[in-house]
Structure formats: C-alpha cells, structure tokens
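Chemist: Encoded as structure tokens, here's the structure I'll be asking about.
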Amino acid sequence: MTKNDMLKLNKEERKIVSKMFWRNQYLMFCTSYTKQQGITYGWLMAPFLQKVYGKDTDEFYEAMNRNLDFYNTAPAMNGFISALGLSMEEENKAMKDKGEFFDATSISALKTSLMGPLAGIGDAIYLSVLRVIATGIALGLSEQGNILGPILFLLVVNVPNMLIRWFTTVLGYKAGGQFISEALKSGTFAAITKGSAVLGLIMTGAMTAQFVTFRTTFIAELSGTTFNLQNVFDSIMPGLLPLAITMGCFAYLRKHNRPVLALVVMFLASVVLTILGIAG
C-alpha cells in the first residue's frame, strides 16, 4: 500500500470513517473518575462493533466489555486509536471465522499503550502551539476592536484540529489491517503486545504518583523528641500511603465491587482523619 493509497477511501470506507469522525467529537461528553473517557469510547464504538459481530451476539458484548475499559487521551488524537481499534476488531472477526487464533486482549493493550503518547502529542500541538499562535494573532486585532480577532482565533485553532481528526482517523483505519497482518506474519505482534502491556503499567504507575496524594499531619512531642508520622512513612518508602490506597482500591475493584462505595469510604475516612488531626 502506497502513501497515496493510505488516504484513498472507497464508498464503504468513507461512510465508516465519516461516521467515526463525527462520533469522535463526543469523546468528552461523558467522563468519570473511574473510566475517564471510557464510557463515551464504548458508545462511539458500539454501532461499528454491532456491524462486525452482529447485534446482541456474545462476541458483540465481549467486544463492548473490552471497549469500556479506562481510557483517556487528547480528543483530537482519538481518531487514530478508535479507527485502529475497529480495524483490529474486524481482523479478530475475520480470523475467527477462518478458525485461526487472534489474541483479543491485544486490542485493549494497544489502545492503552497509544493513548498516553498520543495524549502528549495532542496536548503539545493544541495547548502549546496552536492555541498560543491563535492567541498571538487574535490579541492585537481584538485590542483594536476588530471582529476578525475572535474569528481568526477560532479558525486557527479549529481548522487544523478538524483536519488532524479526519486524516488520523483515515490513517488508523486504512493502515490498521495491513499493520496487523504484517505484525502477525513477522512475529513482532507478540513483542508489541508485551511492550504495550508494560507501557500501560508504567503509565498507571506514573498517574498514581502524580494524581494520588495522601500525607499525614500528626506531629507529637515524645520525651523531648518531635515525632512526625509522615517522616516515618517516608523513611520506609516515599509515596507509601498513596501506593497503599491505590493497591487497596485496585484489589477491591478487581472483585467487581462498586466504585462509588470505595469513593464514599475514602471520603468519610478523610473527614474522620482530618477531625482527629492525623491527616488534612
């Protein structure tokens, strides 16, 4: 497949890519602390998965389950991931129909490994480049009361945004099948899957270190010596308490318990420990 062929779509492919492009616009419509964009991602993929596996089939519900996992990336970069995911789902169905094995867990692994790096690229492009350039162009005109100021701002930000959303969706869908076939034949797919899983774990660890915080405030004078509880935990291992909370929640949720109950328990524990002067 040449570079030009990768951007060419037949009538059926254009219909699929166009529908996915517009559904991608709703990625941030429903977010949560437990799944981030995962619920909307599953909604985005639902009609395509129905077409691949059939409506109300066991295969469809299995596919929906793996497409409702935790997910978080830059919305403008999601087209490539969702289109590649759909291409992998189609490959999964085709291989199963032939009686061949396809590791369906690799779909989730690849999605997890791509969402972090593409989020970094997307944030760099839109937050650090396009928005800054658009603001610089618009400020001078806006200060003069020129209506072109806000208009140019919207154009500079949104025109590249929409173009990138469209062409990354096309590339993800067109290159996906070829990428998967070549990776399977060359034997590199297993390495990619393993690397994706490792990268996903690294990302999870980094997010835990960055976003989960818990420090004790308990300090007491004992025999003329100042006892600082937080220093004791830090001497054992820095970040021990946030790690313990994260692993405790992971163990609890892994048993398919209710995430809302975990949030309520943590909230009540925080209130009680703050009142007692242990944390705050």
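Chemist: Return one number: the angle in degrees, 0 to 90 and rounded to the nearest 10, between the long axis of the Cα atoms of helix 131-143 and the longest principal axis of the Cα atoms of the chain.
Modeler: Long axis of 131-143 versus the principal axis of the chain: about 90 degrees.
Chemist: How would you rank 210-216, 20-26, 130-136, highest first, on the average number of other Cβ atoms within 10 Å across their residues?
Modeler: 20-26, 130-136, 210-216
Chemist: Ranking request for peptides 111-117, 158-164: highest mean number of other beta-carbon atoms within 10 Å first, then the rest in descending order.
Modeler: My ranking of the peptides, most packed first, is 111-117, 158-164.
Chemist: List Thr246, Thr226 from most exposed to least, where exposure is judged by having the fewest other Cβ atoms within 10 Å.
Modeler: The most exposed by this proxy come first: Thr226, Thr246.
Chemist: Another one. Mind pulling the angle between the C-alpha long axis of helix 259-275 and the longest principal axis of the chain? Nearest 10 degrees, somewhere in 0 to 90.
Modeler: Taking the Cα atoms of the chain, the angle to 259-275 is about 30 degrees.
Chemist: Please list, or write none, the aspartates and glutamates whose alpha carbon is within less than 19 Å of the alpha carbon of Lys19, excluding same-chain residues fewer than 8 places away.
Modeler: Once the sequence-local aspartates and glutamates are set aside, what remains near Lys19 is Glu89, Glu90.
Chemist: Provide the net charge surrounding Ile39, with neighbours chosen by a C-beta distance below 14 Å and charges set as Lys +1, Arg +1, Asp -1, Glu -1.
Modeler: +2
Chemist: So what's the back-of-envelope 222 nm ellipticity for the chain, counting only DSSP H runs of four-plus at -39500 (n - 2.57) apiece and dividing by all residues, rounded to 500?
Modeler: Counting only the DSSP helices, I get -23500 deg cm²/dmol.
Chemist: Between Val271 and Leu240, with labels modelled 7 Å along Cα→Cβ, what's the label distance in nm to one decimal, could you check?
Modeler: 2.9 nm
Chemist: Tell me, what ³J(HN,Hα) does each residue in the range 223-232 have, in order and in whole Hz, if you take phi through Karplus 6.51 cos²θ - 1.76 cosθ + 1.60 with θ = phi - 60° and put x for Gly and Pro?
Modeler: 6, x, 10, 7, 9, 10, 4, 5, 5, 5
Chemist: Let me ask another. With Rg/Rh (Cα atoms, Kirkwood Rh) as the read-out, I listed (1) 1.07; (2) 0.93; (3) 1.30; which label goes with the value calculated from this structure?
Modeler: (1)
Chemist: Of Lys55/Lys96; Lys111/Lys174; Lys174/Lys255, which ones are farther than 27 Å apart at the Cα?
Modeler: Lys174/Lys255
Chemist: Under a plain spin-label model, where a point goes 7 Å from the Cα along Cα-to-Cβ, how far apart in nm are Val232 and Asn257?
Modeler: For the pair Val232/Asn257, the computed spacing is 2.5 nm.
Chemist: Around Gln25, with a cut-off of 13 angstrom between Cβ atoms, what is the net charge of the other residues, counting Lys and Arg +1 and Asp and Glu -1?
Modeler: +3
Chemist: Let me ask something additional. Positive end of the charge dipole of the chain (Lys, Arg +1 and Asp, Glu -1 on Cβ, about the Cα centre): tell me which of Thr34, Gly79, Ser235 has its Cα farthest that way.
Modeler: Gly79
Chemist: Lys and Arg at +1, Asp and Glu at -1: add these up for the other residues within a Cβ distance under 15 Å of Leu253 and post the number.
Modeler: Local net charge: +3.
Throughout, read-outs are computed from the coordinates displayed, never taken from laboratory work. Since this is a predicted model, take the numbers as computed values, not measurements. Quick reminder, even Gly has a Cβ in these numbers, built from the backbone with ideal geometry, and neighbours come from all protein chains shown.
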